[in-house]
Structures are given as structure tokens and as C-alpha cells.
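The values are calculated or read from the model by the stated rules, or taken from the named source; none is laboratory data. Everything quoted here is computed from the prediction, not taken from an experiment. Please note: Cβ atoms are built from the backbone with ideal geometry, for glycine as well, and neighbour counts cover all protein chains shown.
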Amino acid sequence: MPIASSLLKKPKLVKKLKAFYDYVNNNDGKVGTKTRGIDLNFNNACNLRCKYCFTNSPKGDHVKEYLDYDAIANLADQADELGYFEFDLQGGELLLQPKKLFKVLEAIKPERFYMYLTTNGYYLDENMAKRLAEANVSRVSVSIDSMDEKIHDEIRGKKDSWRRAMEGLKHVKKYGMDPYLNITVGHYNAHTDHLKQLLDYSKDQKYKTLLNVAVPAGMWQKAEDIICDDEDRKYLRKIRKDYKNLVRNIWNPFDKTNEKILGCTTVNRLYITPIGDVLVCPYVHIKIGNIFEQSLEEIVKFGFSIKHFSNHSDLCLAGEDKEFIKKFMTKSGQTIFKPALAKDIFSKEDFI
Amino acid sequence: MNNKEKYNKSFIDTFSIEKNALNNLEYNAITEWDSIGHMTLIGELEKTFDISIETDDIIDFSSYEKGIDILKKYKIEI
């Protein structure tokens with residue numbers, strides 16, 4: 001029997017997801033300028049000190065700011081109207097502050113979205129998983145760096161991180177939500193046993209594996225050696241076929257051959273910071289507006305007026321397009337709280 | 001191919017499963033039949049039978065057997 005947060009109990013979500021499916025199908029399998037998801041970082045505080053954090057939370061960057069509940073409710077209403085069907089809550093670490101988290105969920109009204117959380121899993125105990133399922137959360141993504149407990153804990157900067165994260169995934173599954181094991185793949189680990197062990201474990205447990213490519217942003221800004229090269233990308237195409245439970249935002253999720261590319265989803269998936277800035281994606285720290293200054297519709301329209309974000313790209317701009325990275329992501333001090341401004345960084349030729 | 005074979009093929013191709021897994025198959029019972037899998041299946045059935053399935057029916061389509069009932073509405077006898 002489907003749980004409360006199941007797709008089949010969310011008619012608004014079904015309608016929007018079907019619209020997305022039809023659009024992609026009629027657009028040669030590509031995402032084009034169709035709205036897809038909102039990634040909301042409502043507070044940047046975190047209990048871990050991950051070495052490659054893209055939000056600079058380990059540096060204490062803006063950890064005291066919160067996006068207020070009314071602003072979140074307004075954002076969610078506008079996103080719903082524009083057809084956004086995925087809503088991903090991120091941090092920082094959301095489970096650090098459960099009282100605030102559940103108020104945020106209430107403001108969003110998750111019955112309208114495929115609602116999910118991205119977490120390090122440290123506080124994802126059974127009781128929390130139960131509460132999240134009851135609050136209409138459809139999925140929980142837990143970030144795992146290795147099947148080697150010591151390596152994961154070392155990267156995350158805290159002992160017992162791995163054990164708690166792994167247990168957390170089991171609780172997610174127990175309470176009927178979709179468990180996603182999030183992995184980051186770069187040139188440093190693409191062909192390693194570590195990666196294979198993670199993929200095998202996730203498949204055996206019947207989880208989904210969300211693959212994010214390593215991006216030179218946040219704590220890793222200017223770390224060009226982490227970027228996947230052509231051989232790495234070829235390998236990722238191979239494992240996509242080997243592991244049917246492997247997903248990536250840039251891949252067409254409806255393609256049964258596991259080959260087609262949806263395209264880079266900048267602006268299709270927006271990233272909102274705790275101060276209301278709207279970035280084109282979590283990893284491309286370019287600002288196209290602020291929710292306190294413009295409507296979401298205006299911001300999206302502006303975003304898609306920029307060629308890089310409306311034209312199709314087979315490559316992830318942030319993690320694979322070296323030309324784009326060099327030109328637009330290497331401004332000194334560029335972070336999610338000090339993003340480059342689209343109106344400044346792009347010239348006339350970059351606009352449609 | 002008759003309608004039953006086409007219907008079965010839609011499930012088999014969408015979820016990469018064997019024919020013997022079809023009976024009593026329900027939404028979320030297998031990893032592949034999640035929200036994305038559901039839309040892919042619906043799309044496949046629409047293409048196969050040249051129909052457009054309404055939102056309410058997409059929501060009600062919770063199992064292999066239920067789907068057979070729903071398709072009757074669209075004059076597709078399985």
C-alpha cells in the first residue's frame with residue numbers, strides 16, 4: 001500500500017511530472033527550458049566539516065542566517081505555479097534543527113512536490129525517518145564517500161559519520177521513502193574499487209545511487225585536477241548501463257536504454273541560499289536574482305535569456321565544461337554567498 | 001501482437017523484468033517502479049495504445065491488474 005508521501009497520493013505532483021515527461025518526450029529527450037526543481041538551502045550550519053563542501057559551511061560561512069518561513073511559503077507557491085515538481089531541502093545540515101525543519105516542510109506543503117532532503121545522515125535515526133515520512137517527504141538522499149568507514153569519517157571530519165549514515169538509509173527504506181545514496185565522482189576516484197564497492201552496495205540494498213560529479217567550487221575552488229576527463233566520462237557512461245539504479249540529474253531518467261542525455265539543468269533546477277539569492281544551480285555560483293526583489297517567474301525568464309543556460313549542453317557546466325569553468329567559475333572568492341552576478345559576468349554575446 | 005502481449009511488453013520493457021514477475025505487481029513493489037518508472041510506464045502505454053491517460057487514472061494505476069481495468073475506460077480490452 002503506497003505510503004502517504006507516495007506519488008500516487010500527490011495528484012498535483014502527478015500532473016506536473018506528467019507535463020515534464022511530455023515536454024522532454026516532445027523535445028527530443030532534452031530538458032530545454034522546462035522547470036524541474038528547487039534546491040533550497042535554508043540554513044548553512046552543519047555538524048560536519050567535509051573537505052569538499054561546496055557551501056563553505058566548514059568555514060562558518062553565513063551559518064547564522066535563515067530564510068524565513070513566509071518567504072519559503074511564498075517561494076514554494078511560486079515554484080508550484082511555474083511547474084517545478086521537485087523540491088530538495090539542503091544545507092548545511094537540516095537535521096541539526098528538526099523543529100525548524102518541520103516548520104519549513106509545513107511552509108512548503110510537500111503534497112505538491114516530490115519532496116526530498118539531502119543530508120549527511122548523522123541525525124537520521126529511526127524516529128526522524130518516521131517523522132519525515134509522516135510529513136510527506138518522498139525521498140532522503142544521504143551522502144556517502146566510501147564503504148571504508150575510516151575514509152568516510154576522515155573526509156567528513158567526524159567519527160561515527162559513516163555508521164550513522166548507513167543506518168539512516170535503512171530507516172529511510174523501512175518507512176517507505178525512496179533511499180538515495182549520494183556519491184561524488186571525480187578524476188581522483190572514478191576508476192577505483194571504492195566507487196565500485198559503493199555502487200554494488202547501493203544496488204544490493206535496492207537503493208538508488210545519485211551520482212554528482214566533483215566540481216571545482218566551494219572548498220574545492222580552482223582544484224582543476226578533480227574534474228572528470230574524457231576517459232572518466234566514458235567510464236560513467238559504461239556504469240550507467242551496468243547499474244540500472246544509477247541516476248544523474250543530467251541523464252534522461254525516462255530513457256530505458258540508459259544512454260540519452262537530458263542536458264545540464266542550470267535554471268531548470270534553481271539553487272536558493274539562506275539570504276534569498278537565486279543561483280543557476282548549486283555548483284555554478286552565478287546569481288540571477290533574489291526572491292525578495294523579483295518574482296520567481298522574472299528570475300527564471302532572466303536566467304533562460306542567457307545562452308549558456310537555455311542552450312543544450314551534454315556536459316555538466318560546473319563539473320565537466322572546462323571552458324565554462326575557467327571563464328565563469330574562477331572569480332576570486334566566488335561562493336554561494338558571494339556569487340558572480342550574471343548581469344556583470346556575461347557580455348551581450350552571452351544573451352539570446 | 002495482441003493487446004495482452006503489448007500490455008505485458010510495456011511493463012517488461014519499462015522495468016526490465018521477466019513476464020513471470022507481472023502478476024500482482026504493484027507500484028513501489030520493485031525499485032524500478034518508482035515515480036519516474038511510473039511516468040515512463042504511462043508514457044509507454046500511451047504510445048503503444050495511442051491514448052492519452054488522464055491524471056486521475058495515472059494516480060489510480062497502482063498495479064498491473066488495476067491497469068487492465070483502467071484501460072477499459074479507453075476501450076482497450078486486455
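Values computed for the structure shown
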{"read-out": "Which numbered condition B:Ile17 misses (of (1) surrounded by fewer than 14 Cβ atoms within 10 Å (Cβ to Cβ); (2) more than 9 Å from chain A (Cβ to nearest Cβ))", "value": "(1)"}
{"read-out": "Of the criteria (1) part of a loop (DSSP other than H, G, I, E, B); (2) modelled with pLDDT of 95 or more, which one A:Glu297 fails", "value": "(1)"}
{"read-out": "The stretch B:1-20 residues that are touching a residue at least 60 places away in the same chain (Cβ under 8 Å), paired with ones that are surrounded by 14 or more Cβ atoms within 10 Å (Cβ to Cβ) (beta carbon under 7 Å, 6 or more apart)", "value": "B:Asn3/B:Ile76; B:Asn3/B:Ile78; B:Lys4/B:Ile78; B:Tyr7/B:Ile78"}
{"read-out": "Residues of the stretch A:180-208 satisfying the condition of being within 23 Å of A:Ile227 (Cα to Cα) and free of Cβ contacts under 8 Å to residues at least 12 places away in the same chain", "value": "A:Asn189, A:Thr192, A:Asp193, A:Lys196"}
{"read-out": "Test result for A:Glu111, among the acidic types (Asp, Glu), in contact (Cβ under 8 Å) with a residue 24 or more places away in the chain and either under 16 Å from A:Leu40 (Cα atoms) or touching a His at 6+ places or on another chain (Cβ under 7 Å) (or both)", "value": "no"}
{"read-out": "Residue that is nearest to the chain's Cα centre (by Cα), among those in the stretch B:27-78 that are exposed (fewer than 15 other Cβ atoms within 10 Å of the Cβ), more than 9 Å from chain A (Cβ to nearest Cβ) and among the acidic types (Asp, Glu)", "value": "B:Glu65"}
{"read-out": "Scope the stretch A:58-108; condition at positive phi and at pLDDT 95 or above; matching residues", "value": "A:Gly83"}
{"read-out": "Residue in the stretch A:35-48 that is within 14 Å of chain B (Cβ to nearest Cβ), of a type outside the set (Val, Ile, Thr) and under 27 Å from A:Ala129 (Cα atoms) present", "value": "yes"}
{"read-out": "Residue tally, condition among the charged types (D, E, K, R), within 19 Å of A:Ala214 (Cβ to Cβ) and not in a loop (DSSP other than H, G, I, E, B), over the stretch A:16-57", "value": "1"}
{"read-out": "Options A:Tyr180, A:Tyr123; residue that is at pLDDT 95 or above, outside any helix (DSSP H, G or I), surrounded by fewer than 20 Cβ atoms within 10 Å (Cβ to Cβ) and at negative phi", "value": "A:Tyr123"}
{"read-out": "Qualifying positions in the stretch A:223-258 - away from chain B (no Cβ under 14 Å), among the charged types (D, E, K, R) and in a loop (DSSP other than H, G, I, E, B)", "value": "A:Asp229"}
{"read-out": "Qualifying position, being in contact (Cβ under 8 Å) with a residue 24 or more places away in the chain and more than 14 Å from chain B (Cβ to nearest Cβ), among A:Lys12, A:Lys59, A:Lys16", "value": "A:Lys59"}
